Amino acid sequence: MSRSSQAITLAITGASGAPYAVRLLECLLQQQQQVHLLMSSAARVVFATELNWQLPAAPKAMGDALRERFQVTAEQLQVYGKEQWFSPVASGSAAPKRMVICPCSTGTLSAIAHGASDTLLERAADVVIKERGQLIVVPREMPLSALHLENMLKLAQLGVTVMPAAPGFYHQPQSIDDLVDFVVARILDHLQLAQELQPRWGYDQSAAREES
């Protein structure tokens with residue numbers, strides 16, 4: 001697999017759900033994916049609130065902090081600011097064909113559904129859609145208004161995968177980490193990346209029936 005085929009854009013917005021984003025980033029880096037990371041200002045506030053992570057505002061400083069935390073190189077993890085228009089993710093000729101927005105705020109959902117490109121994050125999503133790439137959005141909101149649902153439908157009709165952060169319970173989770181892993185595992189499945197976070201439906205049940 002070429003380096004370009006291993007590249008992926010991960011965007012993190014200000015919706016609640018920072019643990020999902022961190023776990024997904026960790027899994028992508030462990031699988032040697034080259035990650036182009038976009039994080040909104042609101043996402044930094046959420047990280048401080050939910051994880052007690054105080055991330056620097058400047059993209060370079062944030063990148064240095066995250067690379068040190070995950071022990072990866074600058075080649076594997078790049079962080080871009082909201083107005084770095086010359087970054088690869090801003091152009092269809094250079095952007096990765098895969099992008100995940102996790103978690104995805106309803107404001108970001110609306111901006112993408114209506115073709116806004118006011119920030120690099122919105123432009124990156126617009127590029128993936130127009131280039132017929134794979135875009136996955138992970139909304140974390142409840143209840144959902146008619147506006148939210150209309151925007152989700154519009155994106156789904158464009159080929160975007162709308163994957164709300166709604167963990168299941170049939171695997172009998174024992175911790176919050178288990179619930180986080182459930183959602184991240186489904187994202188990895190859709191990216192066609194190997195994962196052992198959660199067994200797929202039917203496999204562990206089949207084994208249990210054979211043992212009974």
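The values are calculated or read from the model by the stated rules, or taken from the named source; none is laboratory data. Since we're looking at a predicted model, the values are computed, not measured. Here Cβ is always computed from backbone atoms with ideal geometry, including for glycine, and neighbour counts include all displayed protein chains. Side chains included, ligands, DNA and RNA excluded: accessible areas come from the protein's heavy atoms. Shrake-Rupley method; radii C 1.70, N 1.55, O 1.52, S 1.80 Å.
Values computed for the structure shown
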item: Where a residue in segment 45-72 is loosely packed, with under 14 Cβ neighbours inside 10 Å and its partner, wherever it lies, is in a helix (DSSP H, G or I) and of a type in the set (A, V, I, L, M), with Cβ under 6 Å and at least six apart; result: Leu51/Ala18; Gln54/Ala48
item: Helices (runs of 4 or more DSSP H) wholly inside segment 33-126 containing at least 1 residues that are under 13 Å from Leu10 (Cα atoms) and at pLDDT 95 or above; result: 41-51
item: Residue match in segment 88-104 (condition: touching a residue at least 40 places away in the same chain (Cβ under 8 Å), of a type in the set (Val, Ile, Thr) and over 19 Å from Phe47 (Cβ atoms)); result: yes
item: Qualifying residue in segment 175-186 (condition: open to solvent by 20 Å² or more (accessible area, probe 1.4 Å), farther than 29 Å from Gly81 by Cα and β-branched (Val, Ile, Thr)); result: yes
item: Counted residues, segment 9-44 - those being open to solvent by 30 Å² or more (accessible area, probe 1.4 Å), farther than 19 Å from Arg140 by Cβ and in contact with a Ser or Thr (Cβ under 9 Å, 6 or more places away or on another chain); result: 1
item: Residue within segment 129-137 that is within 13 Å of the chain's Cα centre (by Cα), open to solvent by 50 Å² or more (accessible area, probe 1.4 Å), among the charged types (D, E, K, R) and more than 25 Å from Ala58 (Cα to Cα) present; result: no
item: Condition check for His148: open to solvent by less than 60 Å² (accessible area, probe 1.4 Å) and of a type outside the set (Phe, Trp, Tyr); result: yes
item: Check on Gln157, open to solvent by 40 Å² or more (accessible area, probe 1.4 Å), farther than 21 Å from Thr108 by Cβ and of a type outside the set (A, V, I, L, M); result: no
